[in-house]
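The values are calculated or read from the model by the stated rules, or taken from the named source; none is laboratory data. Just so you know, these numbers come straight off a predicted model, no measurement behind them. Positions of Cβ are backbone-derived with ideal geometry, glycine not excepted, and every protein chain shown enters the neighbour counts.
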Amino acid sequence: MKVLVTGYAGQLGYEVVRLLESRGVECRGVDVADFDLTDAASVTKYIVEYQPTVVVHCAAYTNVDKAESQPEICTAVNGTGTVNIVRAAQRVGAKLVYISTDYVFSGAGDQPFEVDDPYGPRNVYGMSKVQGENAVRSLMTRYFILRTSWVFGKNGKNFVRTMRRLGREKKELRVVCDQIGSPTYAKDLARVICDLIPTSKYGIYHVRNEGYLSWADFAEMIMKKSGLSCRIIPVPSSEYPTPARRPLNSRLSAESLAQAGIAPMPTVEDALERYLVELAAEEEA
Ligand SMILES: NC(=O)c1ccc[n+]([C@@H]2O[C@H](COP(=O)([O-])OP(=O)(O)OC[C@H]3O[C@@H](n4cnc5c(N)ncnc54)[C@H](OP(=O)(O)O)[C@@H]3O)[C@@H](O)[C@H]2O)c1
C-alpha cells in the first residue's frame, strides 16, 4: 500500500499521515504548496509521478461562512477539485477516500441521517461537498465516502480552541443550543480511515464520535473539563445569525460502520479528554 493524503496542513490530513507512518505504511502528505486541486494538470502530474495505490482526499475549502460570498472558489475546490483527484486516482488505479460532511443533508427532523438518505444541502459549502460526492460516486467504483461532523484536531482552528480562548477571557458566553450533532476528534477519524483503506469494504460511512449534543452542551463540557468557570448561556440559532445557514439536525447514524465490522468510535467525552491532554502538552511546549 502506498498512500497519498491531501490536506496535510489541515486537521485531518495531518493525523492520517501521522497514523499511517506509525503503522509503517508508505505515505506522503500534500497540501496546496504541492499542487492546487483546481489545476487538473498539476493534480494529474503529481499523482502519476507518485503512483499511490490509495488517495485519501482530505483537502477542501472548509470556511463555511466565507463560502457564501465565494461560491465559485468553494465549488471549484470541492467540486471540480474532487473531479481532478478522481480522474488522477483512476488513471493510476488507486482506491479513493473522500471526506464529506453532515452538511450534505437538509438538517430537517430529529432522527439520525442514514447513509442513503437524500441530499438537501442548505448552504454553498454543503452543495459543493455534494458535487464532490457525486463525482466520486459517478466516476469510481473503489471508493470510501466518509461523512463526518464538527471536526477538532491539532492542526487548525476549531470550536474547542475557540471556546477555551473565550472561556479564559469572559465570564459568560452565549452558544447555540438548537443545532444537534456529534463532534469528531481528527485522530479517531484517522483511525477509521486507516482501518478501512486496506479493505475492500467500499461504500458510504458516517464517522463521528459517539453521542449527540448541541454546541452549547459541548461548550459546557469543554469549560468543565478545562477547569474554566465561564458560564454557557444556551441561545437559539436565530440569536446567532451567520452568513451560512446551518442544519439544526446534524445527527449521523453510524450503523454502516458497525455493519462493516469497524471498531466503534469512542464517546465525545473520551475524545475531548484526549484532545485536552494534547492541547496541554502543546501549551507547555
Ligand atoms: N472541519 C470540520 O468541522 C469538518 C466537518 C465535516 C467535514 N469536514 C471535511 O473533512 C475534511 C478535512 O477537514 P479539515 O478540518 O481537516 O480541514 P482543514 O483543516 O480546513 O484542512 C483543509 C486543507 O485543504 C487545503 N486546501 C484548501 N484549498 C486547497 C486547494 N485549492 N488545493 C490544495 N489544498 C487545498 C487547505 O489549505 P489552506 O489552509 O492553505 O487553504 C487545508 O490545509 C474536508 O474534506 C472537510 O470538508 C470537515
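Just one of the listed residues (98, 143) is more than 9 Å from the ligand (Cβ to nearest atom), touching a strand residue (DSSP E or B) at 6+ places or on another chain (Cβ under 7 Å) and closer than 24 Å to residue 17 by Cβ, and it is 143. Scanning the range 66-76 for residues that are in a loop (DSSP other than H, G, I, E, B) and surrounded by 14 or more Cβ atoms within 10 Å (Cβ to Cβ) turns up just one, 70. The set of residues in the range 108-142 that are over 15 Å from residue 97 (Cα atoms), in a helix (DSSP H, G or I) and out of contact with any helix residue (DSSP H, G or I) (no Cβ under 7 Å at 6 or more places or on another chain) contains only 127. Scan the range 57-85 residue by residue and report those that are more than 13 Å from the ligand (Cβ to nearest atom) and under 19 Å from residue 28 (Cβ atoms). Within the range 57-85, none qualify.
Keeping to the range 23-56, report how many residues are part of a helix (DSSP H, G or I) and away from the ligand (no atom under 11 Å from the Cβ).
Of all residues in the range 23-56, those part of a helix (DSSP H, G or I) come to 40-50.
Those still in the list that are away from the ligand (no atom under 11 Å from the Cβ) too: 40-41, 44-45, 47-50.
Residues meeting the conditions: 8.
Give the range 85-106 a look and list any residue that's touching a Phe, Trp or Tyr at 6+ places or on another chain (Cβ under 9 Å) and over 23 Å from residue 183 (Cα atoms), or say none. Lay out the reasoning, then the answer.
Step one: filter the range 85-106 for residues touching a Phe, Trp or Tyr at 6+ places or on another chain (Cβ under 9 Å), giving 85-86, 88-89, 92, 95-98, 101-106.
Correct list: 85, 86, 88, 89, 92, 95, 96.
Taken together, the residues in the range 110-120 that are within 14 Å of residue 253 (Cα to Cα) and surrounded by 12 or more Cβ atoms within 10 Å (Cβ to Cβ) amount to 5.
Count of the range 11-22 residues, restricted to those that are within 14 Å of the ligand (Cβ to nearest atom) and acidic (Asp, Glu), is 1. Which of the numbered conditions does residue 90 fail, given that it passes all the others? Conditions: (1) closer than 17 Å to residue 151 by Cβ; (2) of a type outside the set (Gly, Ala, Ser); (3) more than 16 Å from the ligand (Cβ to nearest atom). (1) is the only condition that residue 90 fails.
Has the range 57-64 got any residue that is in a strand (DSSP E or B), modelled with pLDDT of 95 or more and within 28 Å of residue 251 (Cα to Cα)? Yes, the range 57-64 contains at least one residue that is in a strand (DSSP E or B), modelled with pLDDT of 95 or more and within 28 Å of residue 251 (Cα to Cα). Residues in the range 1-22 that are closer than 16 Å to residue 156 by Cα and outside any strand (DSSP E or B): 7, 8, 9, 10, 11, 12, 13, 14, 15, 16, 17, 18.
Residues checked against (1) surrounded by fewer than 22 Cβ atoms within 10 Å (Cβ to Cβ); (2) closer than 22 Å to residue 101 by Cβ; (3) of a type in the set (Ser, Thr, Tyr):
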position: 177; (1), (2), (3): yes, yes, no
position: 182; (1), (2), (3): no, yes, yes
position: 204; (1), (2), (3): yes, yes, no
position: 215; (1), (2), (3): no, yes, no
position: 226; (1), (2), (3): yes, no, yes
position: 230; (1), (2), (3): yes, no, no
position: 241; (1), (2), (3): yes, yes, no
position: 244; (1), (2), (3): yes, yes, no
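In the set (1) at pLDDT 95 or above; (2) buried (at least 16 other Cβ atoms within 10 Å of the Cβ), the condition left unmet by residue 277 is number (2).
Any idea which of 18, 23 is within 22 Å of residue 186 (Cα to Cα), at pLDDT 95 or above, in contact with a helix residue (DSSP H, G or I) (Cβ under 7 Å, 6 or more places away or on another chain) and basic (Lys, Arg)?
Values: 18 fails: in contact with a helix residue (DSSP H, G or I) (Cβ under 7 Å, 6 or more places away or on another chain).
Answer to the selection: 23.
Among the residues of the range 79-97, those that are assigned to a helix (DSSP H, G or I) and more than 21 Å from the chain's Cα centre (by Cα) comprise 87, 88, 90, 91, 92. Say whether the condition of being modelled with pLDDT of 95 or more and out of contact with any strand residue (DSSP E or B) (no Cβ under 8 Å at 6 or more places or on another chain) is met by at least one residue in the range 228-238. Scanning the range 228-238, I find at least one residue that is modelled with pLDDT of 95 or more and out of contact with any strand residue (DSSP E or B) (no Cβ under 8 Å at 6 or more places or on another chain), so the answer is yes.
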